[in-house]
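Read through the structure below, which is laid out as structure tokens, and then see the notes.
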Amino acid sequence: MKKTTFLIAAALCAAMTVSAQTQLKKALPLLQKNNRSAAENQQVLNLFRTAKDPDTIFASGASLVKTPPSKIQEPALFNLILKGDDPLKQTFAAIIVTAMGSAHEELLPVLEGALESKDALLRAYAAGAYGIVNPEDKTHVQEVVLLYIYDPSFAVRSMNLLAEEPKHLFKYLKQASTSADEQTRAAAASWLGTLHSEDAAKQLLKMAKTEKNSQVQAQIATGLALNRAYTLEDVTKGLRQDYNSPAAATYALALGFMTGNAAETIRKGLLSSNQNERINSARAAAYMAGVLSNPDAFNYTSDRAFDTGLLKSMIPQLKALAKTGNDSVKVYADNALRQIEKLMI
């Protein structure tokens, strides 16, 4: 009998898990929508209030931080904080209230509890709200930097209060860029790229020399591209590094993100007598093709058709390398040609 009861309970738990996953999957398009109507936002709030499983609570809660409900919903959220029995839901309700523009000191105990969580992402959201409610305490600045990857607006709003001067923001990002946590380094690199300052560019170049994690490298490369006025010369020199090194991959990717602004640099590199420079330039051409073929190419080029034309003009040099280069050169030249061919379809 006990065994039968256990099996029934296990089956019910499994069914509930599947049901919760189905519910979240159906809701994702709405949760990921950037511009929701008041009615749609109410749907998300209802989902958050009624959800039982952690994944749905987290996803709907984070969505409401990004697109907060109307002020009239604040009492209902406070009711969840004061009378709820789900710590995760209480925490996100407090974060949502803060995102709505209310920095209530009575939220601090809930947020402080979440800052002790083993979940780094929950700590990051809690730190964002905590920084808004209690900006005098700078203890959790690194978690706010991590939050930038997931919710840039909320992270910036919190940091605007934590960092009284621009130099303080740079100091915090510089510290985060050397973190042992890869996602924190990636967030720091992404944020540094938006500063458009020489100091930020120098820090990104410093990161590029040693970073081995591909996610962080991609953020560094994007930042280098956004600050090409300060970085193009150093990135170009970096093409001479061993093509097997992580730094060389970062520099080539940065040139790819620069699109047409780096076309002449790539073209010269393809004609270089230095094998590493030829290979890394071919790699940059392949990356550039990938960037231009992406739906969000407008983030990296002001004239996609013109930049595509510049890239296509490199085909003769790439074909020559594919035909006359050694095996290593041929691999990268052939790949660049394939990527450009995809762009032309």
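Gyration tensor analysis over the Cα atoms of segment 155-202 returns equivalent ellipsoid semi-axes of 16, 13, 9 Å (largest first, whole Å). Taking all C-alpha pairs of segment 37-126, those more than 16 Å from each other amount to 46 percent.
The length gained by stretching the chain between Gln43 and Thr67 to full extension, at 0.36 nm per residue less their Cα-Cα distance, is 7.4 nm. How large is log10 I(q)/I(0) at q = 0.10, 0.12, 0.13, 0.20 Å⁻¹ when the Debye formula is applied to the Cα atoms of segment 86-197, each weighted equally and without solvent? Calculated log10 I(q)/I(0) at the listed q: -0.25, -0.36, -0.42, -0.99.
In percent, rounded to a whole number, the relative contact order of segment 39-136 is 22, using alpha-carbon pairs under 8 Å and six or more apart. Residue pairs exceeding 30 angstrom between C-alpha atoms, taken from Lys202/Lys268; Lys167/Lys209; Lys66/Lys342; Lys212/Lys323: Lys66/Lys342; Lys212/Lys323.
Taking every C-alpha pair closer than 8 Å and separated by at least 6 residues, the mean separation divided by the residue count of segment 239-340 gives a relative contact order of 29 percent.
Averaged over residues, the count of other Cβ atoms within 10 Å places the peptides 67-80, 185-198, 310-323 in the sequence 185-198, 310-323, 67-80, highest first. Compared with the direct C-alpha span, the chain from Lys167 to Lys237 gains 22.3 nm at full extension, assuming 0.36 nm per residue.
Sorting 171-183, 199-211, 282-294, 131-143 by average packing, meaning the other beta carbons within 10 Å per residue, from highest down gives 282-294, 199-211, 131-143, 171-183. Over the C-alpha trace of the chain, radius of gyration and Dmax come out as 24.5, 80 angstrom. Give me D for segment 194-345 in µm² s⁻¹, whole number, from Stokes-Einstein with Rh from the Kirkwood sum over alpha-carbon pairs, 37 °C and 0.692 mPa s. The diffusion coefficient I find is 219 µm²/s.
For the chain, what is the relative contact order in percent, using Cα pairs closer than 8 Å and at least 6 residues apart in sequence? Value for the chain: 8 percent.
With contributions of -39500 (n - 2.57) from each DSSP H run of at least four residues, the per-residue ellipticity at 222 nm computed over the chain stands at -23500 deg cm²/dmol. Our estimate of slack between Leu108 and Glu341, defined as 0.36 nm per intervening residue step minus the Cα-Cα distance, is 78.3 nm.
Between segment 90-151 and segment 259-284, the alpha-carbon centres lie 45 Å apart.
No value in this document is a laboratory result; all are computed from the given coordinates. Only a predicted model underlies this, so the values are computations on that prediction, with no experimental measurement involved. Neighbour counts are summed over all protein chains in view; Cβ atoms, including those assigned to glycine, are modelled from backbone coordinates with ideal geometry.
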